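For reference, the structure discussed in these notes is given below.
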Amino acid sequence: MRDKGIEQVVIIGSGPAAWTAAIYAARARLDPLVFEGQPSREMVPGGQLMFTTEVENYPGFRDGVDGQTLMLEMRAQAERFETRIVTEDIVEVETGARPFVLRSSAGDELRANAVIVATGARANWLGLENEQRLAQTGGGVSACAVCDGALPAFRDRVLAVVGGGDSAMEEAIYLTKFAREVVLIHRRDQFRASPILAERALANEKIRVAWNTVVTEVIGDDFITGIRLADTETGQERELEVGGLFVAIGHTPNTAFLEGQLDLGEDGYLITPTPWRTQTSVEGIFAAGDVMDSYYRQAVTAAGTGCMAALEAERWLAHDSDAAPATSIPAEPVAGEV
Ligand code: NAP
């Protein structure tokens, strides 16, 4: 195991919160080190926005911006201020130690005076046996339409999307580019999605809604061939032939690696005890973005809390920690900092 010395600030994550924190920390001369995460089937560095086609509500882009472009721009902006980036996960944080001890997925151990956790959240699954098997083997079950929807196997097929939130609407609309028909399956008789997205989905001629319906079984050996559905009111079951299933039923915060080290809410989100502060239950460890926000969960709010976390880390390092940095850092933003 290599010892990498003591870092001023380690930022864990690579969504809008992480990159904003990195930009602020780098400009404050804290020489941040970002662990942007390892790519996996469910998540890639850059986080959930890597799976979003058009972002129309991030200020500054009058005509909208592609999610991947936005994330790559944020990453490049952080690099411009010499942020160092490691494409690995942090798998363990010892919050009782000073400096904090962190371990990476590559087996590296490092120490840090301050940590910003911005690991975001990941997609939830229905929990059906064949769902998991086919999702893992590329058998036509996915939690990300934007990642997988354009695959040839889904062309001109009937595709099912489960969920009634904004993600389900976006995924269904996106899939109409390739599918013959998209069946949106929702367990209630009303969408949770914002009116603008719900209206857009309902107005799309290729989208049909199965209200009050749940998926009880995923059918198919090597590739999905159908799903079994149950009506939540009558209990009546039926089979629907589909060529793909896209699950869009919300997310779980990526905090498992922090259990027992930081206070988590019942839903797993990181607790930041003081209103309008990003400090967690442990001084010197800050949280930003979807990992601490189950309410707003927007790119722009994530970026905002990333900024807050970096400013708090900067002030904490300068004034409150035992490990005051070599260079003195002003408590207030420096001239020109916005
Ligand atoms: P969400 O808002 O939590 O919606 C999850 C949906 O899945 C709900 O309709 C829920 O049904 C359903 N669901 C949950 N568990 C289920 C289960 N076991 N079986 C069947 N259905 C289940 O999640 P989201 O759509 O991923 O959105 C998350 C956040 O991101 C929201 O704040 C959203 O506004 C935001 N977002 C914004 C945009 C955008 O602005 N362009 C795009 C995507 C996401 P119930 O309604 O019955 O609970």
>> Once you compute Rg and the Kirkwood Rh from C-alpha atoms, what is the Rg to Rh ratio for the chain?
In response: 1.02
> Going by how many other Cβ atoms sit within 10 Å of their own, how do V183, V115 line up, fewest first?
Replying inline: V183, V115
> Amide H to amide H under 5 Å from L151: which residues, 5+ apart in sequence or cross-chain, H placed 1.01 Å off N in plane?
Replying inline: none
> For region 169-179, what does the Karplus curve 6.51 cos²θ - 1.76 cosθ + 1.60, with θ = phi - 60°, yield as ³J(HN,Hα) per residue in whole Hz, taken in order and with x for Gly and Pro?
Replying inline: 4, 4, 5, 4, 4, 4, 5, 5, 5, 10, 7
> So for T69, T20, fewest C-beta neighbours within 10 Å to most, what's the order?
Replying inline: T69, T20
> Which cross-chain or sequence-distant (5 or more) residues have an amide H under 5 Å from the amide H of E92, H modelled 1.01 Å from N in plane?
Replying inline: R103
> If you find the alpha carbon centre of region 47-120 and of region 200-278, how far apart are they in angstrom?
Replying inline: 25 Å
> So what J values fall out for region 230-247 if you push phi through Karplus, 6.51 cos²θ - 1.76 cosθ + 1.60 with θ = phi - 60°, rounded to Hz, Gly and Pro as x?
Replying inline: 10, 7, 6, 8, 9, x, 5, 10, 8, 10, 10, 6, 9, x, x, 10, 10, 9
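Which percent, to the nearest 5, of DSSP beta bridges fully inside the chain are antiparallel?
Of those bridges, close to 45 percent are antiparallel.
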> How would you rank 289-299, 9-19, highest first, on the average number of other Cβ atoms within 10 Å across their residues?
Replying inline: 9-19, 289-299
>> Nearest 500 deg cm²/dmol is fine: what mean residue ellipticity at 222 nm does the chain get from its DSSP H runs of n ≥ 4 alone, each adding -39,500 (n - 2.57), divided by its residue count?
In response: -6500 deg cm²/dmol
>> For the chain, which cysteines have no second Cys with its Cβ under 4.7 Å from theirs?
In response: C307
> Mind listing the phi-derived Karplus ³J(HN,Hα) values for region 59-68, rounded to whole Hz, using 6.51, -1.76 and 1.60 with θ = phi - 60°, and x for any glycine or proline?
Replying inline: x, x, 10, 4, 9, x, 8, 5, x, 5
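Hey, any idea what Rg/Rh is for region 125-247, computing Rh the Kirkwood way over Cα pairs?
In region 125-247, Rg relative to Rh is 0.94.
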> How far apart, in nm, are two points set 7 Å out from the Cα along the Cα-to-Cβ line at E54 and at V300?
Replying inline: 1.7 nm
>> Taking amide H atoms as placed 1.01 Å from N in the peptide plane, list the residues 5 or more away in sequence, or in a different chain, whose amide H sits under 5 Å from that of V209.
In response: L184
> If you rank V101, V65 by fewest surrounding Cβ atoms within 10 Å, what's the result?
Replying inline: V101, V65
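No lab work stands behind these numbers, since they all come straight from the coordinates. These numbers come from a predicted model, not from an experiment. Here the Cβ is made from the backbone with ideal geometry for all residues, glycine too, and neighbour counts use every protein chain on show.
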